[in-house]
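The values are calculated or read from the model by the stated rules, or taken from the named source; none is laboratory data. Bear in mind that the values here come from a model prediction, so they are computed numbers and not experimental data. All Cβ positions, even for glycine, are placed from backbone atoms using ideal geometry, and neighbour counts span all protein chains on display. Please note that ligands, DNA and RNA were not included when accessible areas were found on the heavy atoms of the full protein model with its side chains. Shrake-Rupley method; radii C 1.70, N 1.55, O 1.52, S 1.80 Å.
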Amino acid sequence: MTNFSTKRCLLPEKLRRPLASFIFAHYVNPMRTTFSFSSSGRLIFGNHSLDQLPQTLQFLGVKRPFLVTDPILVKVGLAEKLLAKVPGIPMFSDIGPEPSLAMITNAYNAALPHKPDAVIGLGGGSNMDAAKLVSILLTHGGHPKDYVGEEKVPGPVIPNIAIPTTAGTGSEVSLAAVFTDTDAGIKVSTLSEYLRPKIAIVDPLLTLSCPPKVSADSGMDALVHAIEAFTAIDYQKFPVPDGAVSVYQGKNPLADSMAEQAIKLVAKHLVQAVNHGDDLLAREGMALAATLAGLAFSNAAVALVHAMEYPVGAAVHCSHGEGNALLLPHVMRFNKPARLEEFATIATWLGEDVSGLSLEEAAERAIIVVDRLREAVKIPARLRDIKVIPEQIPQFAKKAITITRLMRVNPIYPTESDIEKIYQAAY
Ligand SMILES: NC(=O)c1ccc[n+]([C@@H]2O[C@H](COP(=O)([O-])OP(=O)(O)OC[C@H]3O[C@@H](n4cnc5c(N)ncnc54)[C@H](O)[C@@H]3O)[C@@H](O)[C@H]2O)c1
Ligand SMILES: [Zn+2]
């Protein structure tokens with residue numbers, strides 16, 4: 001089977017992308033006439049759903065749960081709220097945003113003496129992901145780096161219960177756990193079907209204390225998940241090279257329907273949730289949007305926006321959502337030729353009236369609206385605003401192009417120089 005990477009191609013640069021795009025557009029992979037769809041074992045959604053944690057643990061037969069969270073959630077009383085439901089469980093509360101390798105191993109070392117039979121992740125994506133990684137280490141031993149990549153987890157892990165306190169990452173239903181590899185200067189992921197939480201408890205009340213910046217960044221991350229899933233390469237045209245594994249399936253009808261709802265909910269509720277954090281209706285809308293987007297992307301794909309954010313986030317320590325939101329319009333502009341209809345549809349879901357416009361103009365509207373949304377929630381417009389310096393761009397492009405699993409699900413397979421140009425446009 002064909003791998004369309006153009007890295008060592010002898011064709012002149014200017015011919016490579018059109019050729020790759022042409023092949024992508026006309027290629028139907030005979031091996032991928034099916035797609036599958038997975039989620040957490042059970043999803044409990046709604047205000048006060050945290051009350052169901054004790055029954056949940058009982059249902060799973062869990063006797064010694066271990067809690068992974070962070071100091072801010074202790075400070076705002078959310079850890080205490082959880083401990084009031086299941087008193088006396090041991091915890092590690094030193095995870096930080098975009099967690100480092102050291103934080104994961106510290107959490108694991110703190111858990112070990114308690115011999116946990118389940119791990120609860122309470123928090124944003126950072127804590128939920130850290131809890132997933134602790135589940136792996138408690139079950140299979142080793143080091144977090146041993147599991148970086150796709151389907152590197154050798155078997156089931158002890159049950160993971162995910163309780164999001166941000167509305168963004170969708171980690172509560174996803175198969176991914178992300179951490180910062182500080183030595184390599186990039187954020188890396190372990191992706192495995194074994195990592196989907198056994199139970200996800202999505203209680204919008206837990207997001208009420210999210211400050212505006214966290215609400216904005218994580219909410220835009222959810223939008224990026226939905227847009228990347230909806231505009232990914234079609235599952236039937238997805239050229240997984242021989243012998244390779246892909247956790248992502250490409251765009252498919254189930255993921256599409258969830259991406260659609262997620263995009264509409266973000267359009268309706270994000271700005272209100274950011275500016276009026278006590279508006280429960282907006283918080284509920286965003287919590288649902290994030291979970292739906294998580295379901296969409298963790299089956300279809302996230303793609304070039306995420307690949308380009310990982311080196312930036314590791315270098316300048318912006319939040320994942322902030323980096324993604326800033327890069328999104330630029331990546332959309334690059335992808336637009338391959339996804340005109342999808343972008344035009346997204347524009348309408350985001351509330352734009354595209355009647356009378358050409359397809360090209362309607363597609364462009366989607367880019368304009370997502371950028372307007374970014375601005376409305378006060379996320380910076382330019383890489384220079386988040387302290388990137390021009391000299392970093394070639395290095396970022398070199399790192400992003402190596403994330404093959406995200407490149408090959410992008411609707412256009414970029415070259416390293418394409419990626420550099422996108423960074424420059426965002427600079
Ligand atoms: N596993 C996945 O599928 C997946 C998907 C996308 C992103 N991620 C990862 O998730 C991480 C980002 O997660 P995030 O955007 O949820 O942010 P986060 O978990 O890093 O949290 C950001 C900050 O907000 C605080 N916070 C969280 N909830 C709060 C609340 N209710 N009240 C007050 N403060 C609160 C946290 O303490 C933290 O300081 C990144 O590492 C990213 O790469 C994972
Ligand atoms: Zn993301």
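For every other residue with a beta carbon closer than 12 angstrom to the beta carbon of PRO156, add +1 if it is Lys or Arg and -1 if Asp or Glu, then tell me the sum. So the surrounding residues net to +1.
In Å², what does the accessible area per residue of the chain work out to with a 1.4 Å probe? Please report the intermediate quantities before stating the final value.
Numbers: 16490 Å² over 427 residues.
About 39 Å² of surface per residue is accessible.
Mind checking which aspartates and glutamates have their Cα closer than 13 Å to the Cα of LYS81? Skip sequence neighbours fewer than 8 apart in that chain. Partners found: ASP51, ASP203. Only Cα pairs under 8 Å and at least 6 apart count here; give the relative contact order of the range 280-388 as a rounded whole percent. Over the range 280-388, the number comes to 24 percent. Overall, the ratio between the Cα radius of gyration of the range 318-378 and 2.2 N^0.38 Å, rounded to two decimals, is 1.12.
Each Cα pair under 8 Å and six or more residues apart adds its separation to the average, and for the chain the resulting relative contact order is 17 percent.
Which loop GluC sites (Glu not before Pro) in the range 268-369, with loop taken from DSSP, have no more than 12 other Cβ atoms within 10 angstrom of their Cβ?
When the GluC sites (Glu not before Pro) of the range 268-369 are filtered for loop state and at most 12 Cβ neighbours within 10 Å, nothing remains.
Going by a ≥ b ≥ c, the root eigenvalues of the Cα gyration tensor, does the range 350-427 fall in the rounded group (a/c under 1.5), the prolate group (a/b larger than b/c) or the oblate group? Verdict is oblate for the range 350-427.
Among the trypsin sites (Lys or Arg not before Pro) in the range 62-101, those located in a DSSP loop and surrounded by at most 14 other Cβ atoms within 10 Å of their own Cβ are LYS63. When the alpha-carbon atoms of the chain are used, the pair Rg, Dmax equals 20.5, 66 angstrom. Normalised by the number of residues in the range 92-251, the average gap of Cα pairs under 8 Å and 6 or more apart makes the relative contact order 22 percent. Of GLY124, GLY356, GLY285, the residue with the greatest mean-square motion in the GNM of the chain, using alpha carbon springs below 10 Å, is GLY356. Placing unit charges on the Cβ atoms only, positive for Lys and Arg and negative for Asp and Glu, gives the chain a dipole magnitude near 620 debye about its Cα centre. Within the listed set GLU375, GLU260, GLU193, the residue fluctuating most in the Gaussian network model of the chain (springs between alpha-carbon atoms under 10 angstrom) is GLU375. In a Gaussian network model over the chain where Cα atoms closer than 10 Å are linked, find which of LYS336, LYS115, LYS378 has the largest mean-square fluctuation. Highest fluctuation among the options: LYS115.
Overall form of the range 156-211: oblate. Here a/c, set by the Cα gyration tensor axes a ≥ b ≥ c, is 1.5 or more, and a/b is not larger than b/c. Close amide-amide hydrogen proximity is noted between ILE120 and PHE66, LEU67, VAL68, ILE161, each under 5 Å apart and 5 or more residues distant or on a separate chain (H modeled in the peptide plane; Pro and chain starts excluded). Accessible surface of the chain, 1.4 Å probe: 56 percent of it comes from carbon and sulfur atoms. Ordering PHE59, GLY121, MET91 by Cα displacement along the dipole of the range 57-124 toward the positive end leaves PHE59 in first place; charges were set at the Cβ atoms of Lys, Arg (+1) and Asp, Glu (-1). Sorted largest first by accessible area at a 1.4 angstrom probe radius, with every protein chain in place, the residues ASP385, ASP278 fall in the order ASP278, ASP385.
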